[in-house]
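Here is the structure we will look at.
The values are calculated or read from the model by the stated rules, or taken from the named source; none is laboratory data. Since we're looking at a predicted model, the values are computed, not measured. Neighbour counts run over all protein chains shown; Cβ positions are idealised from the backbone, glycine included. Side chains included, ligands, DNA and RNA excluded: accessible areas come from the protein's heavy atoms. Shrake-Rupley method; radii C 1.70, N 1.55, O 1.52, S 1.80 Å.
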Amino acid sequence: MYTEEMLESIKKVEAAREANAALEPRRMTAQEKDDLLKTYHPDYRDDQFGTITVGPNKGEKAPLELIELLEGKSRLLENRPDLSCPDYETDVLIIGGGGAGASAAIEADNAGAKVMIVTKLRIGDANTMMAEGGIQAADKPNDSPAQHFLDAFGGGHFAAKKDLVYKLVTDAPYCIKWLNEMGVEFDKDAEGNMVTTHGGGTSRKRMHAAKDYSGAEIMRTLRDEVLNREIPVIDFTTAIELIMDDKGQCAGAVLMNMETKEILVAKAKVVILATGGAGRMHYQGFPTSNHYGATADGLVLAYRVGAKLLYQDTLQYHPTGAAFPEQIFGALVTEKVRSLGAKLVNVNGEVFMHPLETRDVAAASIIRECKRGNQVSTPEGQGVWLDTPMIELKNGEGTIEKRIPAMLRMFGKYGIDIRKQPIIVYPTLHYQNGGVDVDATSETNVPNLFVAGEAAGGVHGRNRLMGNSLLDVIVFGRNAGIYAAKKAKDVTVGNLTLDHIDAFQKELNEAGINPTKLSPQILPEYARKVNK
Ligand code: MEZ
């Protein structure tokens, strides 16, 4: 599978393997990290960002592709549905069928609310399903939520909202128990204790995993729970606008059936947006590890009704996306590979960084190494080696099959045995660090509009640590479900309206913007067109 040139380079990697495996590369200083990020991290490429012209974040920085969506044309600009006889009526409308949406549904159901999930693909078609390496929780005797707080807050460059980080880390141990009791098959030792590992930027081993398909295992369990409870799930139905009422409250959504294009109206006392991330926007032309529907829809829907965004200008590039072969270009190579002992080495077989720096630093370091001319060339571009055989050198034969079987299979399909040969990796667009600004109850500045999971901003500041995303979807999905159900008890919905579409369009007109791109985008650019 590898080219002659790659095989020549592998000889150098093999020759240095034992020495490299024994090496303890030093961590970068804070100053070195700052300098590195400013020069090499994609978030600092000025030519890839612009200024938002209208709406609550007017004057702030955002990726060019996101600005185009936020300032896009409503799909309902010309034709409005009749809001007077809704197709659905519920207490809590949840938009999105991933980990956050499912967790919210379970808790809102527990609270006795009438709940409904709508999802543009199927329940479980979400970034939760794609998460591999694990979920963090400080539940071991040598660890504490306070320690977890310091890691997460520091890893996010001290920019996260402290009350949200506090909630994330203090709810974490209970959430692991909640998932375990629901049926998630976490990795355990012979005594039944959870097996935990490090992730980038963690000071303790607190990564709980189900091999290297942790997200799929969690999503499987949540999905079954939602279905067993007979919570209504409307598949292949996407939200194209939120509905407000004449009291200024969010009161539902206009939906579109993805197959028939039928327009439907869902009226609700409260709405939870759990629409996930934006990898399929391919910011700056990066490949992505994200699922097919990750197109920032929630940000657009919320923004148009006046919800404020937070840290919309910061994205996470997972350091180790597959860079070869092309069939898996951009696919996630879990950080767990490095947790288990594999190191990053350049074309000459040299270790150039500590393998468990935080993700932004690790990604920038790989990009720098390639720009220095130490890259492994591939047909699609470039990358560096991730020396996977080191794992078994360190932990013994059979470790790879046991701990990261999905990685073994993903590369095995293309003739690469990761137990014997290293793999080529390069950063891939993985996560939206920012999102819609929420308070500690998961509510936005728009009354009765809640947001949870990757679509919400503020939990991770300007960089998220491994395993805090699966945790975020569980902690804040549950949180949103609990508070939304509570709020729904006191809500009286007024007359439904879509006047915000005209108000937003007026702002665009006054700013001299005449959008042609329809938003939310719903599916990637390369999908069969959904709006035709
Ligand atoms: O939190 C994540 O993004 C995660 C667990 C990814 C991974 O490397 O496996």
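With a requirement of 3 or more residues that are open to solvent by less than 30 Å² (accessible area, probe 1.4 Å) and assigned by TED's automatic domain parsing to the domain that holds Lys343, the strands (runs of 3 or more DSSP E) lying completely within region 365-452 that satisfy it span 381-386, 423-432.
Give region 453-482 a look and list any residue that's outside any helix (DSSP H, G or I), more than 12 Å from the ligand (Cβ to nearest atom) and out of contact with any strand residue (DSSP E or B) (no Cβ under 6 Å at 6 or more places or on another chain), or say none. First the steps, then the outcome.
Of the residues in region 453-482, the ones outside any helix (DSSP H, G or I) are 456-467.
Remaining after also requiring more than 12 Å from the ligand (Cβ to nearest atom): 456-459, 461-462.
Scanning region 453-482 gives Val459, Gly461, Arg462.
Tallying residues that are in contact with a Leu (Cβ under 7 Å, 6 or more places away or on another chain) and either among the acidic types (Asp, Glu) or at positive phi (or both) within region 54-95 yields 3. Of the listed requirements (1) open to solvent by 10 Å² or more (accessible area, probe 1.4 Å); (2) in contact with a helix residue (DSSP H, G or I) (Cβ under 6 Å, 6 or more places away or on another chain); (3) away from the ligand (no atom under 16 Å from the Cβ), Glu230 misses just one: (2).
Yes/no per residue for (1) in contact with a strand residue (DSSP E or B) (Cβ under 7 Å, 6 or more places away or on another chain); (2) away from the ligand (no atom under 16 Å from the Cβ):
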residue: Asn193; (1), (2): no, yes
residue: Met219; (1), (2): no, no
residue: Met258; (1), (2): yes, yes
residue: Val270; (1), (2): yes, yes
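Scanning region 317-352 for residues that are assigned to a loop (DSSP other than H, G, I, E, B), open to solvent by less than 10 Å² (accessible area, probe 1.4 Å) and either modelled with pLDDT under 95 or more than 15 Å from the ligand (Cβ to nearest atom) (or both) yields a count of 4. Is it the case, given these coordinates, that Ala294 is in a loop (DSSP other than H, G, I, E, B), modelled with pLDDT of 95 or more and in contact with a Ser or Thr (Cβ under 8 Å, 6 or more places away or on another chain)? In short, yes. For Gly112, the conditions (1) open to solvent by 10 Å² or more (accessible area, probe 1.4 Å); (2) over 25 Å from Arg220 (Cα atoms) are fulfilled apart from (2). Taking region 108-161 as the range and being among the aromatic types (Phe, Trp, Tyr) and over 18 Å from Phe476 (Cβ atoms) as the test, only Phe158 passes. Residue pairs whose Cβ atoms lie under 7 Å apart, separated by 6 or more positions or on different chains, with the first residue in region 68-80 and touching a residue at least 24 places away in the same chain (Cβ under 8 Å) and among the small types (Gly, Ala, Ser) and the second in a loop (DSSP other than H, G, I, E, B) and open to solvent by less than 50 Å² (accessible area, probe 1.4 Å), are Gly72/Pro515; Gly72/Lys517.
When you check Asn57 against the structure, is it more than 16 Å from the ligand (Cβ to nearest atom), surrounded by 17 or more Cβ atoms within 10 Å (Cβ to Cβ) and not assigned by TED's automatic domain parsing to the domain that holds Cys250, yes or no? So Asn57 fits the description; yes. If only residues of region 306-316 that are aliphatic (A, V, I, L, M) and more than 16 Å from the ligand (Cβ to nearest atom) are counted, the one that is surrounded by the most Cβ atoms within 10 Å (Cβ to Cβ) is Ala307. The residues of region 199-217 that are closer than 12 Å to Lys336 by Cα, within 12 Å of the ligand (Cβ to nearest atom) and open to solvent by 10 Å² or more (accessible area, probe 1.4 Å), listed by number, are Lys211, Tyr213. Please tell me if Tyr303 is closer than 23 Å to Leu69 by Cα and either assigned to a helix (DSSP H, G or I) or open to solvent by less than 10 Å² (accessible area, probe 1.4 Å) (or both). Yes, satisfied.
Of all residues in region 319-334, those that are on the phi > 0 side of the Ramachandran plot have Cβ atoms under 8 Å from Cβ atoms of residues that are within 11 Å of the ligand (Cβ to nearest atom), 6 or more apart or on another chain, in Gly330/Ser289; Gly330/Gly321; Gly330/Thr428.
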